[in-house]
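The values are calculated or read from the model by the stated rules, or taken from the named source; none is laboratory data. Since this is a predicted model, take the numbers as computed values, not measurements. Positions of Cβ are generated from backbone atoms using ideal geometry, with glycine treated the same way; all protein chains shown enter the neighbour counts.
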Amino acid sequence: MRSLVVIYLEVEMPKRYPIELRRDVCKRLLAGASVVALAKETGLSQGTLFRWKKQAFIDAGLAPGVKSLEVDELAQARRTIEELEAELEITRAAAAIFNGEEPISPKGAARLPRR
């Protein structure tokens, strides 16, 4: 007999910092402040500050990469598309019910009915 063991790991989510703090720290990093000194002063990890510094250089046009604003716009567009697709699916199902038809799921439409 086989037994199944399930292990639940607690996942630690990334900490969210205030936008003002990040802006101030990024300005200082762009001005040439040391990551190590800022880490000691602010209590932020050096890894976090290095990521922020890299993104700040990209946003300032000093390094190649995708700017923060572009990522935010893309994420918003994807959320909007998902919402619109969900609304369209509901509208189609409602129209089918009012027309006396059975709503057909997109996955089930391509299959032959079982006998």
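Quick notes on this one:
- Residue that is nearest to the chain's Cα centre (by Cα) [pool: residues in the stretch 44-100 that are at pLDDT 85 or above and among the polar types (S, T, N, Q)]: T80
- The listed residue being surrounded by 13 or more Cβ atoms within 10 Å (Cβ to Cβ) and assigned to a loop (DSSP other than H, G, I, E, B), out of A56, A39, A33, A96: A33
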